[in-house]
Every structure is written in C-alpha cells, then in structure tokens.
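Chemist: Take a look at this one; I'll ask things after.
The values are calculated or read from the model by the stated rules, or taken from the named source; none is laboratory data. What you see is a predicted model, and the numbers here were worked out from it, not measured in a lab. Note that each Cβ is placed from the backbone with ideal geometry, even for glycine, and that neighbours are counted across all protein chains shown.
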Amino acid sequence: MKKDIKSMTLPELKEEILLLGEKGFKAAQIYSWLHKHGAESFDEMTNISKDLREKLKNNYDIYNCTIEKKLVSVYDDTVKYLFSLNDGELIESVVMKYKYGYTICVSSQVGCKMGCKFCASGIAGFVRNLTAGEILSEVYTAQKDLGIRISHIVMMGVGEPLDNYDNVIKFLSMISDENGLNIGMRNISLSTCGVVSGIYKLMEEKLQLTLSISLHAPNDAIRSQTMPVNDRWNIDELLTACKDYIKATNRRISFEYAMISGVNDSDECAKELASKLKGMLCHVNLIPVNSVKERSYRKSSKDRMESFIKILEKSGINATVRRTLGSDINASCGQLRRGEKNC
C-alpha cells in the first residue's frame with residue numbers, strides 16, 4: 001500500500017526521501033510543491049528529476065479533493081463545495097468572503113458520531129476520520145479553484161475535530177508551517193461540541209487559536225435533549241474545562257449558541273446562561289438555528305434574539321448574532337452531502 005505523502009510533515013518527508021537514496025534537500029522542494037503550490041500529481045513537480053518522480057509515484061499517493069458540486073450564493077459570494085475523496089467518500093467545505101479576506105470552514109470527519117439533534121452532519125452516521133492531508137486538500141482545492149488566498153480557517157464543518165485529535169493537530173501544525181500556507185494560529189478557530197478530554201489535551205498544546213464551544217443550552221436538562229455529548233460531560237464539567245483552558249492559554253473562548261424557538265431562547269434561559277458565564281473571558285455567538293427537514297426545530301425571532309443579547313450584556317457578557325451567509329445554497333453543515341447521498 002502506498003503512503004499518504006501529503007500528510008507528512010517536512011521532517012517526516014525528509015526521512016522518506018533519504019530512505020529512497022536521495023539527498024535530503026529534495027524533501028523541501030517536494031513539500032513546497034504539495035503545500036505552497038497545491039500540486040495534485042508528481043508530474044507537476046517540474047524541478048524534480050524524472051527518476052525521483054517515478055520513485056514517488058511508485059511509493060506514495062497524493063490524496064486530493066475532487067469537486068463534485070459547487071454552489072455559489074447570489075447574495076454574498078459564499079461558495080459551498082461537495083468534495084469527493086480518493087475512496088469516493090464525500091465531504092463539505094464552505095468559503096466565505098469578509099472584509100478582511102477569505103475564510104474556509106473545513107470538515108474533519110466523514111460524518112459525525114456526536115448526534116446533535118439540530119445538526120444535519122450526523123444524520124447519515126459516522127464513516128471515518130479525515131487524514132491531515134485530506135483536511136489540507138480542502139483548503140488547497142478551494143483556494144486553487146477560486147484563485148484566491150485563504151487567510152482564515154474555521155474547523156466547524158462536518159465532524160468533531162477533537163474526536164479526530166491526532167490528525168487535526170497535525171493539520172494545524174502543517175497549515176501554519178512557514179514552509180506551507182503559513183496561516184497563523186490566531187487566524188484559526190476550532191469548534192467542539194464539548195469533548196472535555198480533548199479540551200484538556202488541546203490546552204497542553206498551548207496553541208494560540210480560538211477555541212469555540214458549541215454550548216447551545218444554559219442547563220443540563222435542555223442540553224441533553226439536543227446534545228448527547230452532555231450525558232458524558234455535563235455543563236459544569238465543560239465550563240470547568242473552559243475556565244482551565246482560559247487560565248492556561250490566556251485565550252478568550254467563543255461560546256456558540258444556536259437559538260431554537262421555544263427550546264433555549266427564553267429570557268430565563270438567557271439569565272441562567274449569564275449566571276454561568278459571568279466573569280469568564282468569553283464571547284457568546286448567537287446563531288439562528290438552521291432548518292433541517294428531519295427535525296422540527298425553528299430559529300428564534302429577531303426580537304427574541306435581541307432580548308437574549310440584552311440580558312447577557314447586562315451581566316457584562318459580550319454577545320453578537322452570527323451573520324448568516326449562503327442561505328440560498330444550504331451552507332450549513334451536512335445538508336449538501338446528505339442530499340447527494342440520498343440520506
């Protein structure tokens with residue numbers, strides 16, 4: 001079986017090149033082709049000898065993303081991709097345009113195990129983890145297709161990043177590598193539904209990324225109804241981990257809160273949430289919940305969201321409503337993939 005060359009760090013690649021009987025400096029040339037130029041085949045590596053290219057073909061595969069479907073919003077230029085992987089599995093990515101540049105939302109798994117009731121990602125079930133190289137390919141393929149420079153990354157696509165910990169950490173190391181795209185950690189956000197063990201592992205990495213917590217409820221009764229992960233790690237355990245993370249990294253945490261009409265959007269919920277978060281270095285990002293045909297959840301009204309924010313702000317908690325992008329192309333996670341798979 002051939003090895004996945006795109007998932008190799010530069011030191012790992014250098015070891016491989018030496019084992020092939022080649023000079024170590026050639027690893028940097030190959031790495032640059034893969035991670036700066038987005039080469040999708042060894043034949044593109046024109047400053048590499050033909051003999052070495054043949055060795056690479058015989059021993060390694062370049063795992064790429066192929067565009068199966070591309071949707072472009074007529075409202076805000078948001079682009080949603082359905083990518084196929086080398087084994088035929090499908091994943092999604094979304095590119096969003098902001099004043100500061102382009103952000104890509106990447107997937108970390110094919111499917112998801114977490115089963116959050118308001119999310120389309122896990123309805124079809126979990127298939128497998130993505131390799132570091134496959135996650136990188138989402139960025140490279142979108143960037144090449146659009147002819148742009150992507151400057152920010154959010155790991156909020158299909159899958160739970162902390163459930164694919166090793167591959168995600170490797171991806172973060174490689175995407176921020178000066179020998180690759182060199183995207184700074186402060187321009188990267190990682191979202192978790194509350195895998196507390198993963199938060200503590202991430203804390204030890206001392207990365208300067210933004211950690212986003214999908215909270216979506218002020219108490220265990222509501223959260224367990226919508227997020228099965230809460231039965232493993234309840235809100236108090238999760239918030240304790242968040243406080244420890246803030247203390248260790250001195251980084252502000254973003255709490256994602258999907259506003260679901262009649263479920264978690266009352267003034268009482270806002271007051272309870274404010275009491276739990278008061279004093280924390282955090283920001284609350286209210287998200288109008290996406291409609292999923294298999295679920296009955298509906299987004300909260302504008303007035304309800306404004307009232308919710310006012311209550312949080314009275315307690316000194318910064319809160320905003322997330323700007324909705326790509327509403328005409330089903331830009332929320334999992335919807336395009338499920339439609340293609342007839343799930």
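Chemist: Quick check, is Ala39 over 21 Å from Ile150 (Cα atoms) and free of Cβ contacts under 8 Å to residues at least 40 places away in the same chain?
Modeler: No.
Chemist: Which members of region 54-65 meet the condition of being part of a helix (DSSP H, G or I) and either in contact with a strand residue (DSSP E or B) (Cβ under 6 Å, 6 or more places away or on another chain) or of a type outside the set (Lys, Arg) (or both)?
Modeler: Initially, region 54-65 is screened for residues part of a helix (DSSP H, G or I), giving 54-59.
Matches in region 54-65: Glu54, Leu56, Asn58, Asn59.
Chemist: Among what's in region 34-43 and is assigned to a helix (DSSP H, G or I) and either assigned by TED's automatic domain parsing to the domain that holds Gln143 or under 18 Å from Leu136 (Cα atoms) (or both), pick the residue that is farthest from the chain's Cα centre (by Cα).
Modeler: Within region 34-43, the match that is farthest from the chain's Cα centre (by Cα) is Phe42.
Chemist: Next question, about the same structure. Tell me, which strands (runs of 3 or more DSSP E) lie completely within region 135-252 with 3 or more residues that are polar (S, T, N, Q)?
Modeler: On the way: elements: 150-155, 188-192, 210-214.
Once the strands (runs of 3 or more DSSP E) in region 135-252 are filtered for at least 3 residues that are polar (S, T, N, Q), what remains is 188-192, 210-214.
Chemist: Applying the selection to region 1-12, what residues are touching a strand residue (DSSP E or B) at 6+ places or on another chain (Cβ under 8 Å) and either surrounded by fewer than 17 Cβ atoms within 10 Å (Cβ to Cβ) or without any contact (Cβ under 8 Å) to a residue 60 or more places away in the chain (or both)?
Modeler: Just the residues of region 1-12 that are touching a strand residue (DSSP E or B) at 6+ places or on another chain (Cβ under 8 Å), to begin with: 2-5.
Result: Lys2, Lys3, Asp4.
Chemist: Further question: Looking at the structure I just gave you, is Asp51 outside any strand (DSSP E or B), surrounded by fewer than 15 Cβ atoms within 10 Å (Cβ to Cβ) and either touching a strand residue (DSSP E or B) at 6+ places or on another chain (Cβ under 6 Å) or acidic (Asp, Glu) (or both)? First the steps, then the outcome.
Modeler: Working: outside any strand (DSSP E or B): yes; surrounded by fewer than 15 Cβ atoms within 10 Å (Cβ to Cβ): yes; either touching a strand residue (DSSP E or B) at 6+ places or on another chain (Cβ under 6 Å) or acidic (Asp, Glu) (or both): yes.
Yes.
Chemist: Would you be able to say whether some residue in region 258-270 is closer than 17 Å to Asp236 by Cα and at pLDDT 90 or above?
Modeler: yes
Chemist: Which residue pairs have Cβ atoms under 7 Å apart, sit 6 or more places apart or on different chains, and have a first residue in region 13-33 that is in the same structural domain as Leu56 (by TED's automatic domain parsing) and a second that is assigned to a helix (DSSP H, G or I) and of a type in the set (Ser, Thr, Tyr)?
Modeler: Leu13/Tyr31
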